[in-house]
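Asker: I'd like to ask you about the structure that follows.
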Amino acid sequence: MSYTKEPVLSVVDNPYESMLARFNKAADMLRLSQEERHRLSRPAKQILLNFSITLDNGSEKNFEGYRVIHSTVLGPSKGGIRYDTEVNIDEVKALAAWMTWKSALVGIPFGGAKGGINCDPSKLSRTELEKLTRAYTQALADTFGPHKDVPAPDLGTGPDEMGWLMDEFSLLHGKIIHAVVTGKHLYAGGSLGRVEATGRGVSIITLLALDKLKKRSTTTTVAIQGFGNVGLHTALFLWEQGVKVVAVSDVSAALFNADGIDIPDLIAYAGRNDRSIYGYYHAYPILHNELLTLPVDVLIPAARENVITAANAAAIKAGIIVEAANGPTSADADKILREKQIFVVPDILANAGGVIVSYFEWLQNVKNETWNILEVNSKLEEILEKSFREVYATARNSNDSLRDAAYLLAVKRVASAQQAPDN
């Protein structure tokens, strides 16, 4: 275990620098001292792991992993584990910080963390993925804990990986500890509604934005970049509300149908096609980049960081952007979108449904309770509606963007807790 420092990249390439740009703007508005900025913006802990597992063919393969704890001021650190070939320390630092601001914004008593392993999960067998997850858990056995640091799924991981993590952590501690991780299968202590929570939350926020702007959902057109767990459920819930989803994409294809795509039919097709939308016959193929600049009412980037930058922001025609992914807009695009009067709902609000229901799962585990789906969904909607109203009102009162307002509220809450006598 050691600490790592990598060269700083440009704002466009580096999500951590984009996060810092937004943080510093909020810090300026709050008139925070340099010492306060230093404490609030920098990670509390950065861990670099180097470990190996035995592959199915008998050979040894080395992997590099990360865990960054950004803050524990408001509670145990909380954040997903990402398996992806592009995982690096600055990405993980940014994601950990966003978790801090996100939890603070929606009033969840968690701090922020994130983790990952640089790997291609599609090229690993189920047995190899289990070995990888257990080795990662062993290396972080002293870091994880229900009241210390609580991981969750992210890109490339899901309920299986979270179940292996819980099992390995429990074995190391000699007892079953469900609350060490969220996003588990129901039989392993997971919560109803957790799988679809982020997408449901994005759809709730989208409908709230449409209502504020006095737009009818049944005449609204939407393009969704990304058709993984978040994009798929966002599309489904919006489709169920009568919203016309005219374009979707995944890594294999981008599709367009001006009359609207039958989302349940597309989901069924992807289920038969190795989770790929390529070749779907009720929509026209378009270029991936073309989806971002379609003349739609709402654009929902639901894939990964930095897909909207200064290079393409001016070409975006959507009147509303709802950020379902973490960090899909680089900081250098903010001014352009503001000048175009595009209504941007920032990621730390738009995709907070996942951490909210993760908190519900953690709470159920700690209290040994089981909530029904109506209770989970009603509590989720209540928190998101309250948070959206607070951000919108703050933005209106200060004539700022929703992003500026969201960061202002989040940073202020963490700063206030940091300044409390107990801290």
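Asker: Go through segment 167-210 and give me each residue that's assigned to a loop (DSSP other than H, G, I, E, B) and basic (Lys, Arg).
Answerer: Within segment 167-210, 175, 184, 194 qualify.
Asker: Being among the acidic types (Asp, Glu) and surrounded by 24 or more Cβ atoms within 10 Å (Cβ to Cβ): is that true of residue 161 here?
Answerer: In short, yes.
Asker: Collect the residues in segment 326-378 that are of a type in the set (Val, Ile, Thr), closer than 25 Å to residue 17 by Cα and open to solvent by 30 Å² or more (accessible area, probe 1.4 Å), keeping them in residue-number order.
Answerer: Selection gives 336 alone.
Asker: Can you pull out the residues in segment 212-265 that are in contact with a strand residue (DSSP E or B) (Cβ under 8 Å, 6 or more places away or on another chain), closer than 28 Å to residue 84 by Cα and assigned to a loop (DSSP other than H, G, I, E, B)?
Answerer: Within segment 212-265, 226, 227, 253 meet the criteria.
Asker: Now a separate question. Out of (1) closer than 23 Å to residue 409 by Cβ; (2) crowded, with 18+ Cβ neighbours inside 10 Å; (3) touching a residue at least 40 places away in the same chain (Cβ under 8 Å), the odd one out for residue 29 is which?
Answerer: For residue 29, the exception is condition (2).
Asker: Just need a number here: residues in segment 316-325 that are touching a residue at least 40 places away in the same chain (Cβ under 8 Å), crowded, with 24+ Cβ neighbours inside 10 Å and assigned to a loop (DSSP other than H, G, I, E, B).
Answerer: Matching residues across segment 316-325 total 2.
Asker: Let me ask something additional. Go through segment 143-158 residue by residue and tally those that are in a strand (DSSP E or B) and open to solvent by 10 Å² or more (accessible area, probe 1.4 Å).
Answerer: Step one: of segment 143-158, the residues in a strand (DSSP E or B) are 145, 149-153.
If we keep only those that are open to solvent by 10 Å² or more (accessible area, probe 1.4 Å) too, we end up with 153.
Within segment 143-158, residues that are in a strand (DSSP E or B) and open to solvent by 10 Å² or more (accessible area, probe 1.4 Å) number 1.
Asker: Against the condition open to solvent by 20 Å² or more (accessible area, probe 1.4 Å), more than 28 Å from residue 85 (Cα to Cα) and either among the aliphatic types (A, V, I, L, M) or in contact with a Ser or Thr (Cβ under 6 Å, 6 or more places away or on another chain) (or both), how does residue 174 come out, does it pass?
Answerer: Taking the combined requirement at face value, the residue does not satisfy it.
Asker: Here is a further query. Does at least one position in segment 357-370 carry a residue that is assigned to a strand (DSSP E or B), under 23 Å from the mean Cα position of the chain (by Cα) and not polar (S, T, N, Q)?
Answerer: no
Asker: Now for a separate question. Across segment 177-187, which residue is farthest from residue 153 (Cα to Cα) among those that are without any contact (Cβ under 8 Å) to a residue 60 or more places away in the chain and open to solvent by less than 10 Å² (accessible area, probe 1.4 Å)?
Answerer: Result: 180.
Asker: Take the residues in segment 199-241 that are open to solvent by less than 20 Å² (accessible area, probe 1.4 Å) and of a type in the set (Val, Ile, Thr); name whichever of them is nearest to the chain's Cα centre (by Cα).
Answerer: Across segment 199-241, the extreme among qualifying residues is 202.
Asker: Which of the residues belonging to segment 310-324 are hydrophobic (A, V, I, L, M, F, W, C) and farther than 21 Å from residue 392 by Cβ?
Answerer: Hits for segment 310-324 are 310, 311, 313, 314, 315, 316.
Asker: Right, another one. Output the number of the condition that residue 32 fails; it satisfies all remaining conditions of (1) at pLDDT below 95; (2) out of contact with any Gly (no Cβ under 8 Å at 6 or more places or on another chain).
Answerer: (1)
Asker: Further question: Scan segment 271-282 and tell me whether some residue there is under 24 Å from the mean Cα position of the chain (by Cα), open to solvent by less than 10 Å² (accessible area, probe 1.4 Å) and at pLDDT 95 or above.
Answerer: In the first step, residues of segment 271-282 are kept if they are under 24 Å from the mean Cα position of the chain (by Cα); the result is 271, 274-277.
Among the residues that remain, those that are also open to solvent by less than 10 Å² (accessible area, probe 1.4 Å) are: 277.
After this cut, where a residue has to be at pLDDT 95 or above as well, the list is 277.
Looking through segment 271-282, at least one residue is under 24 Å from the mean Cα position of the chain (by Cα), open to solvent by less than 10 Å² (accessible area, probe 1.4 Å) and at pLDDT 95 or above.
Asker: Then there is this: Which residues, taken from segment 374-423, are of a type in the set (A, V, I, L, M, F, W, C), without any contact (Cβ under 8 Å) to a residue 40 or more places away in the chain and either farther than 18 Å from residue 109 by Cα or not in a loop (DSSP other than H, G, I, E, B) (or both)?
Answerer: Residues of segment 374-423 of a type in the set (A, V, I, L, M, F, W, C): 374, 376, 380, 383-384, 388, 391, 393, 395, 402, 405-406, 408-411, 414-415, 417, 420.
Those left that are additionally without any contact (Cβ under 8 Å) to a residue 40 or more places away in the chain: 374, 393, 395, 405, 420.
Passing the criteria: 374, 393, 395, 405.
Asker: Search segment 201-229 for residues that are over 20 Å from residue 348 (Cα atoms) and pair each with any residue that is open to solvent by 80 Å² or more (accessible area, probe 1.4 Å) when their beta-carbon atoms are under 8 Å apart and the residues are at least 6 apart or on different chains.
Answerer: 217/241
Asker: Do you know which residues across segment 104-142 are part of a strand (DSSP E or B) and either surrounded by 18 or more Cβ atoms within 10 Å (Cβ to Cβ) or without any contact (Cβ under 8 Å) to a residue 24 or more places away in the chain (or both)? Even if it seems obvious, please write down each step before you answer.
Answerer: The initial filter retains those residues of segment 104-142 that are part of a strand (DSSP E or B), namely 111-118.
111, 112, 113, 114, 115, 116, 117, listed by residue number.
Asker: A follow-up question, please. Which of the strands (runs of 3 or more DSSP E) found entirely inside segment 39-99 contain at least 2 residues meeting this: over 28 Å from residue 357 (Cβ atoms)?
Answerer: The qualifying strands (runs of 3 or more DSSP E) are 45-54, 60-71.
The values are calculated or read from the model by the stated rules, or taken from the named source; none is laboratory data. In this text, all values refer to a predicted model and were calculated from it rather than measured experimentally. Here Cβ is always computed from backbone atoms with ideal geometry, including for glycine, and neighbour counts include all displayed protein chains. These area figures cover heavy atoms from the full protein model, side chains too; ligands, DNA and RNA do not enter into them. Shrake-Rupley method; radii C 1.70, N 1.55, O 1.52, S 1.80 Å.
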